[in-house]
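Chemist: One structure, as structure tokens, below. Some questions next.
No value in this document is a laboratory result; all are computed from the given coordinates. The structure displayed is predicted, hence computed values, not measured ones. Reconstructed Cβ throughout: ideal geometry from the backbone, glycine too, with neighbour counts over all protein chains shown.
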């Protein structure tokens, strides 16, 4: 039998296993089991665009299990992220506010200090056992900020096949530790701050990778970006099931479960690898001047890999769904299936680190299972991830905080409002402490979507699309000067002026 180091023993005893971590729940948590409030489960798939899901009409059959789940759920057909990458997208969901308010809009940004108490975990209160897990390190920065109001934080490396995450050793300051060690000193893909320790760390990781044999993954194990977290999808979803099983003893609970797939690198198991070698030919859209100019042939090839990874993740979700059905989770829990942002394979852009905010980047899935629901309900009015926090407050019978910018979702107590505007934003190079002067913003009102680019070129510019008539955003109406364009432009610029005002005063 191989030796277990002291480090590995400590990880197993207190950190890595969801079941073991849950076993340390306090007596106070156990006393909550008599509460009759509904449980809340949020399953978030990182970088999952609605545009590549067969649930929403995509031509490849990528999501048969999502479709089965949807037969007894509410399906939101025009749901949007707050931004086009993890930091603003996740912060919008967790705070119920837009990026110009929570200010977490650069690559590794955090929520503005005076708004740290404005989050789901604090708002729900201690009548819930609140659990947070994310394979992506970026949301863990928020968990570090919110940690006083989260009962259980599972480390990012939980349920991994190979991991070498150092920040997890400093449980009293996860945010600072992840930044100092894993993002600064040891992050792969960039020269590490410490050439001695960083190089040694990479050599050790490469040796561990080389000695690992996972025949079911022909392209190698999936990995959480540049961080040393390698995993098998089945292990991650087994871990989620074990975690939910342990939570049964602490009803009511709120579990935020953020998984890496289908985020790049797109590495599916053998069953799904090459599944979509078909004759599907997406529309070749023209390069955007602010894009990366990646050729369409490359984009289409990578999209195939992405779609296969979606299908693989959907298959694992099918196992999770069966577990929730057979163990009664669906009978006493609101289950939200959602994403933090989308993914692009068009206009010269692969991925989501871009200035663009076309629909593949911000149109995301939202499916909500209501306890006891037996039929499907479709909602077509535009909605936002900012709506999830106020909806949870409504469902748990609590007052909705006056600081939230979302509204209760239609179908869950909210009303359809055709005149409502929702927003998304990209401003990763703009200072979080200054007015927004270098950003892309979108405003969706009914069928219309206005895109505003500011600070990237000598002249600011706009694009306008009618998404009901132009699903692919190919016919820019703005140059034609329709009357709706001026009304939308005035509203968006007035909103921007309003949110910029406090930061102009500070400057």
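Chemist: Taking the Cα-to-Cβ direction at residue 480 and at residue 493 and moving 7 Å from each Cα, how far apart do the two end points lie in nm?
Modeler: 2.2 nm
Chemist: Moving on. Could you calculate the FRET efficiency of residue 287 with residue 402 from 1/(1 + (r/R0)^6), where r is the beta carbon distance between them and R0 is 45 Å, rounded to 0.05?
Modeler: On the way: r = 44 Å, r/R0 = 0.98.
It comes to 0.55.
Chemist: Then there is this: What's the extension gain from residue 219 to residue 61 if we count 0.36 nm per residue and subtract their Cα-Cα distance? Write out the running numbers ahead of the final one.
Modeler: Working: separation 158, 0.36 × 158 = 56.88 nm, distance 2.17 nm.
Difference between extended and current length: 54.7 nm.
Chemist: For the range 63-98 and the range 425-477, compute the distance between their C-alpha centroids and round to whole Å.
Modeler: Cα centroid to Cα centroid, the span is 20 Å.
Chemist: I would also like to ask the following. Figure the gain on full extension for residue 501 and residue 468 (residue separation times 0.36 nm, minus the Cα-Cα span) and round it to one decimal in nm. Show your work: numbers first, answer last.
Modeler: Numbers: separation 33, 0.36 × 33 = 11.88 nm, distance 3.42 nm.
That works out to 8.5 nm of additional length.
Chemist: Let me ask you something else. From the gyration tensor of the Cα coordinates in the range 350-448, what semi-axes in whole Å does the equivalent ellipsoid have, largest first, with each one equal to sqrt(5λ)? Walk me through the intermediate numbers first.
Modeler: Details: eigenvalues 158, 60, 34 Å².
Gyration-tensor ellipsoid for the range 350-448: 28, 17, 13 Å.
Chemist: Contour minus end-to-end for residue 277 and residue 416, with contour as 0.36 nm per residue of separation and end-to-end as the Cα-Cα distance? Let's see the in-between values first.
Modeler: Working: separation 139, 0.36 × 139 = 50.04 nm, distance 4.08 nm.
Length gained between residue 277 and residue 416: 46.0 nm.
Chemist: Let me check I have the definition right: for the range 416-507, take the eigenvalues of the Cα gyration tensor, multiply each by 5, take square roots. What are those semi-axes in whole Å, largest first? Working shown, then result.
Modeler: Details: eigenvalues 123, 45, 27 Å².
They are 25, 15, 12 Å, listed largest first.
Chemist: Within a 10 angstrom radius of the beta carbon, how do 320, 492, 94 rank from fewest other beta carbons to most?
Modeler: On the way: 320 24, 492 20, 94 28.
Taking fewest neighbouring Cβ atoms as first place, the list is 492, 320, 94.
Chemist: Using Cα pairs under 8 angstrom and six or more residues apart, how large is the relative contact order of the range 282-395, in percent?
Modeler: On the way: 102 pairs, mean separation 37.3, N = 114.
Reported relative contact order: 33 percent.
Chemist: At 7 Å along the Cα-to-beta-carbon direction for both residue 459 and residue 298, put a label point, then send me their distance in nm to one decimal.
Modeler: Output for this residue pair reads 3.1 nm.
Chemist: Would you work out the relative contact order for the range 69-154, in percent, from Cα pairs under 8 angstrom that are 6 or more residues apart?
Modeler: Details: 103 pairs, mean separation 19.8, N = 86.
Rounded, it is 23 percent for the range 69-154.
Chemist: State, as an integer percentage, the relative contact order of the range 329-426 based on alpha-carbon contacts under 8 Å between residues 6 or more apart.
Modeler: On the way: 113 pairs, mean separation 25.5, N = 98.
Here the relative contact order equals 26 percent.
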